[in-house]
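Student: Below is one structure. I have some questions about it.
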Amino acid sequence: MPAGYDKSAAVRYLSRADPELGRHIESVGPCTLAPAPDAGPHTLFDRLASSILSQQLSVKAAATIAGRLRERAAGPRHLDPGLLTTLSDDEIRACGVSRPKIAALRDLADAVGTGRIPTLAELEELDDEEVVASLTTVRGVGRWTVEMLLIFLLDRPDVFPVADVGVRRGFERVTGLDGPPTATRMLTRAESWAPYRSVASWYLWRAVDQTGQAVPAPPAPAVR
């Protein structure tokens, strides 16, 4: 399933399908959502590893730990699973990585190295649910992580991460609700946004940005 779709066409479609969302879209302006331009052989590992490292941490703390690990286990641009496997647990711990996350990173490196999960090129040929099913077999990788990968790396048009805190808060503000929406309410409203729910999600995140608040971190389960 090759990536790539017309974001401008998506914006026009969403504005016609949902006038209330359309007014928000008009206030935000053009959609600048774009896939990663530098996808290389270790991009998939790097993205998933970064997600594991960021769980239950502030953005600043996660960036610090990821930076330390990259100094030890990064190739030309991304974290290298082969280099990671050469490090001892103590060396990784010295970067600030917890023992459960070390186990998750090693499972991810094994999954990449042995072909237990598809390559980035192979993922591009799978549908969204097949991508979710294949990657959530890795320890510490949940559905939210894969949904972000689908939107921001694989450039899929119709992903709607209803568990994402930013999307939920954006939905609440755009639709004028007095409290948090249920997943059922979100999914029902978003039926008219298909097949461009990724772009709708991007605009919901922007609704949070407009308040001056950072988009909240996702709900991340503890790595066990």
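Student: Condition first: outside any helix (DSSP H, G or I), farther than 24 Å from LEU204 by Cα and in contact with a Leu (Cβ under 7 Å, 6 or more places away or on another chain). Can you find one or more residues in segment 122-139 that meet it?
Tutor: There is at least one residue in segment 122-139 that is outside any helix (DSSP H, G or I), farther than 24 Å from LEU204 by Cα and in contact with a Leu (Cβ under 7 Å, 6 or more places away or on another chain).
Student: I need the full set of residues from segment 145-191 which are among the charged types (D, E, K, R), open to solvent by less than 40 Å² (accessible area, probe 1.4 Å) and in a helix (DSSP H, G or I), in order please.
Tutor: Answer for segment 145-191, where residues must be among the charged types (D, E, K, R), open to solvent by less than 40 Å² (accessible area, probe 1.4 Å) and in a helix (DSSP H, G or I): just GLU147.
Student: I need every pair where a residue in segment 169-197 that is in contact (Cβ under 8 Å) with a residue 12 or more places away in the chain has its Cβ under 6 Å from the Cβ of a residue that is open to solvent by 50 Å² or more (accessible area, probe 1.4 Å) and of a type in the set (Ser, Thr, Tyr), sequence separation at least 6 or different chains.
Tutor: Note: pairs meeting the criteria are TYR196/TYR13.
Student: Condition first: β-branched (Val, Ile, Thr) and assigned to a helix (DSSP H, G or I). Now tell me which residues in segment 62-120 satisfy that.
Tutor: Across segment 62-120, the qualifying residues are THR64, ILE65, THR85, ILE92, ILE102, VAL112, THR114.
Student: Still on this model: Return yes when LEU48 is in a loop (DSSP other than H, G, I, E, B) and under 18 Å from THR145 (Cβ atoms) and no when it is not.
Tutor: no
Student: Another question, then. Within the set of pairs 6 or more residues apart or between chains, which connect a residue that is within 18 Å of ASP110 (Cβ to Cβ) inside segment 123-152 to a residue that is assigned to a helix (DSSP H, G or I) and acidic (Asp, Glu) with Cβ atoms less than 7 Å apart?
Tutor: VAL138/ASP107; ARG139/ASP107
Student: Now, a different point. So which of THR43, THR136, THR86 is closer than 30 Å to ARG197 by Cα, among the polar types (S, T, N, Q) and either in contact with a Ser or Thr (Cβ under 9 Å, 6 or more places away or on another chain) or open to solvent by 60 Å² or more (accessible area, probe 1.4 Å) (or both)? Steps first, answer last, please.
Tutor: Details: THR43 fails: either in contact with a Ser or Thr (Cβ under 9 Å, 6 or more places away or on another chain) or open to solvent by 60 Å² or more (accessible area, probe 1.4 Å) (or both); THR86 fails: closer than 30 Å to ARG197 by Cα.
Only one candidate passes the filter, namely THR136.
The values are calculated or read from the model by the stated rules, or taken from the named source; none is laboratory data. Because the structure is a prediction, the values reported are computed rather than measured. All Cβ positions, even for glycine, are placed from backbone atoms using ideal geometry, and neighbour counts span all protein chains on display. Keep in mind that these areas ignore ligands, DNA and RNA; they rest on the heavy atoms of the full protein, side chains included. Shrake-Rupley method; radii C 1.70, N 1.55, O 1.52, S 1.80 Å.
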